1. Tell me which residues come under 5 Å, amide H to amide H, from residue 3 once H is placed; ignore anything under 5 positions away on its chain.
2. Which residue fluctuates most in the GNM of the chain (Cα springs below 10 Å): 99, 42, 57?
3. Report the Cα centroid-to-centroid distance between the stretch 53-91 and the stretch 1-20 in angstrom, as an integer.
4. Considering the chain as a Gaussian network with a 10 Å cut-off on Cα pairs, which listed residue, 75, 36, 122, attains the greatest mean-square fluctuation?
5. Rg and Dmax of the chain over Cα atoms: what are they, in angstrom?
6. For a quick check, take a GNM of the chain with Cα springs below 10 Å and name the residue from 27, 94, 11 with the largest mean-square fluctuation.
7. Report ³J(HN,Hα) in whole Hz for each residue of the stretch 32-38, in order, from the Karplus equation J = 6.51 cos²θ - 1.76 cosθ + 1.60 where θ = phi - 60°; Gly and Pro get x.
8. How far apart, in nm, are the 7 Å Cα→Cβ label points at residue 131 and residue 71?
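Nothing in this text is a laboratory measurement; each read-out follows from the coordinates by a stated rule. The shown structure was predicted, so the numbers you read here are calculated from the model rather than taken from an experiment. Methodologically, a virtual Cβ is constructed for each residue, glycine included, from the backbone with ideal geometry; neighbour enumeration extends over all protein chains shown.
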Amino acid sequence: MPSLNPSPAQLAEFAARMPAGQPIMMLNLLRYNATASYPAGSEHAACTGREAYKRYSRTAIAKVQAVGGRVEFMAPVQVALIAPAGEAWDDMLLVRYPSPEAFLSMLNDPEYQAATVHRTAALFDSRLIGTTPPA
C-alpha cells in the first residue's frame, strides 16, 4: 500500500523520538505517478507526476530554506540492491533541517500545506526517514 503523507500518530512519534533542538536529516524516497493524480474537479493542469513534484518543490524548497534547512542531495535512483522484490524508487532526496521543531513548523505553514496537493498528486509511493547527521 502506498505511503504518501504522515499520519498524526506518525508525526507524534517523530516529535517524541527525534532529538529536540538538534540538526536532523530527512531521507526522501520518491516514486512518481506516470500522470499526476489530482483530486476530481481540480483546477490544476494535467501533467506527469514528476512535473507535479516540481510544482510542489517550488514552494517546498523556499519553506525548507525559510526554517533554516537546505537540500543536501538529490539524485535519480538507479537500483535498489537490497529491497523487497518489485520495490523501485525514481529519486532520492536528502534534506537537512536545524531541528525537528523546524521541520514540524514547516509542515504547519499554510503555504506549504497548500503546496502539498502537488506532492500527493505526484507520488505513487514515498518514504520519509528521519535521522541525525554525523557529529
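1. Answer set, sorted by chain and number: 126.
2. Highest fluctuation of the listed residues: 42.
3. Distance between centres, Cα-based: 17 Å.
4. Top of the fluctuation ranking is 75.
5. 15.0, 48
6. Of 27, 94, 11, the Gaussian network model singles out 11 as fluctuating most.
7. Each residue of the stretch 32-38 in turn: 8, 6, 4, 10, 4, 10, 6 Hz.
8. Reported label-point gap for residue 131 and residue 71 is 2.0 nm.
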